[in-house]
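Asker: The structure follows.
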Amino acid sequence: MPGAAGTCALPVVTTTATAPISDVGGPCGQAILNPAVCKAGLVCIPPAVAMPGAAGTCALPVVTTTATAPISDVGGPCGQAILNPAVCKAGLVCIPPAVAMPGAAGTCALPVVTTTATAPISDVGGPCGQAILNPAVCKAGLVCIPPAVAMPGAAGTCALPVVTTTATAPISDVGGPCGQAILNPAVCKAGLVCIPPAVAMPGAAGTCALPVVTTTATAPISDVGGPCGQAILNPAVCKAGLVCIPPAVAMPGAAGTCASTGSPPAPGTTSRNIKASGASELVGRAAFFVSCILMAVIN
């Protein structure tokens, strides 16, 4: 009320000497006159809901160390977002969970080490180079051939390295194979050439042959009526002043005929024509006589 008097009192002194001492679970920190305090070694946990005058709770302090945390072996939990989570034992690693849900635990596992020392070693024909954990590798001296179809996780194949040289390739003589599209194909011996196959089929071999040299100095020389222009090795040629008449029917390997420019038909042609015409004349006369006899008989 206006003019009302106050009251004199001793000042309030709050000290641990006179304040109540709380053990684990006891009240502490209330917003009151001379609130209780926790005994030495404890901490005052504030109330979950900060209401006026609400008391905290005395508790042991939270200490999270590997000394007191649970120790997990391979496959055990680790790394959870909880109070004092489990940890992996020495030498293991904590693999995070596949789906990072609140409170989800990781898993303790051996560390992944991918080296040729621990990876499987494959011999000829064995797998290699797969897109997997710690894939197999080829043993020393082999190479990894990639798979024909690059499917996810498909393995290559270990094989000997391909070496194609004339030193190790088979040597073919005249008529032997050469130039095939295969591993380390045969080659012709020195001085020969490889003639490609007539039909270029996959893997078809050529044929070793002497090199073709066609010159008038070494080719056979034909006179009138002699062969010329055959599709063979080193074909005959006509002597100077003659020409090569192609064959009437162009058969493979058929020869032309040497003839002089503007020369008369070859010997024998005229006589054959004469004989043929004479025979025709005799046949015609005989037919005439027979018809006359028949007419006389009928009359």
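The values are calculated or read from the model by the stated rules, or taken from the named source; none is laboratory data. This is a predicted model, so every value here is computed, not measured. Please note: Cβ atoms are built from the backbone with ideal geometry, for glycine as well, and neighbour counts cover all protein chains shown. Heads up: the accessible areas ignore ligands, DNA and RNA and are worked out on the full protein's heavy atoms, side chains in. Shrake-Rupley method; radii C 1.70, N 1.55, O 1.52, S 1.80 Å.
Asker: Output the residue which, of all residues in the stretch 95-112 that are aliphatic (A, V, I, L, M) and open to solvent by 90 Å² or more (accessible area, probe 1.4 Å), is farthest from CYS78 (Cα to Cα).
Answerer: As a first pass, look at the stretch 95-112 and keep what is aliphatic (A, V, I, L, M): 95, 98-101, 104-105, 109-110, 112.
From what's left, open to solvent by 90 Å² or more (accessible area, probe 1.4 Å): 98-101, 110, 112.
On the way: ALA98: 13, VAL99: 14, ALA100: 13, MET101: 14, LEU110: 13, VAL112: 17 Å.
Once the filter is applied, the top-ranked residue is VAL112.
Asker: When only residues in the stretch 180-224 that are touching a Leu at 6+ places or on another chain (Cβ under 8 Å) and assigned to a strand (DSSP E or B) count, which is modelled with the lowest pLDDT? Can you show your working first?
Answerer: Kept after step one, since they are touching a Leu at 6+ places or on another chain (Cβ under 8 Å), are these residues of the stretch 180-224: 191-193, 208-212, 222-224.
Checking which are assigned to a strand (DSSP E or B) leaves us with 193, 208-209, 222.
Details: VAL193: 86, CYS208: 92, ALA209: 89, SER222: 93.
It comes out as VAL193.
Asker: Right, next: Every residue in the stretch 52-64 that is more than 25 Å from LEU83 (Cβ to Cβ) and open to solvent by 80 Å² or more (accessible area, probe 1.4 Å), please.
Answerer: The answer is PRO52, and nothing else.
Asker: Pairs only if they're at least six apart or on different chains, beta carbon under 6 angstrom, first in the stretch 73-96 and more than 24 Å from VAL62 (Cβ to Cβ), second of a type in the set (Ser, Thr, Tyr) and open to solvent by 40 Å² or more (accessible area, probe 1.4 Å); list them, first residue then second.
Answerer: Within 6 Å, the pairs are ILE95/THR107.
Asker: Right, something else. Do you know which residues across the stretch 1-42 are open to solvent by less than 60 Å² (accessible area, probe 1.4 Å) and either among the hydrophobic types (A, V, I, L, M, F, W, C) or modelled with pLDDT of 85 or more (or both)?
Answerer: ALA19, SER22, GLY25, GLY26, CYS28, PRO35, ALA36, VAL37, CYS38, LEU42 - these are the residues of the stretch 1-42 that are open to solvent by less than 60 Å² (accessible area, probe 1.4 Å) and either among the hydrophobic types (A, V, I, L, M, F, W, C) or modelled with pLDDT of 85 or more (or both).
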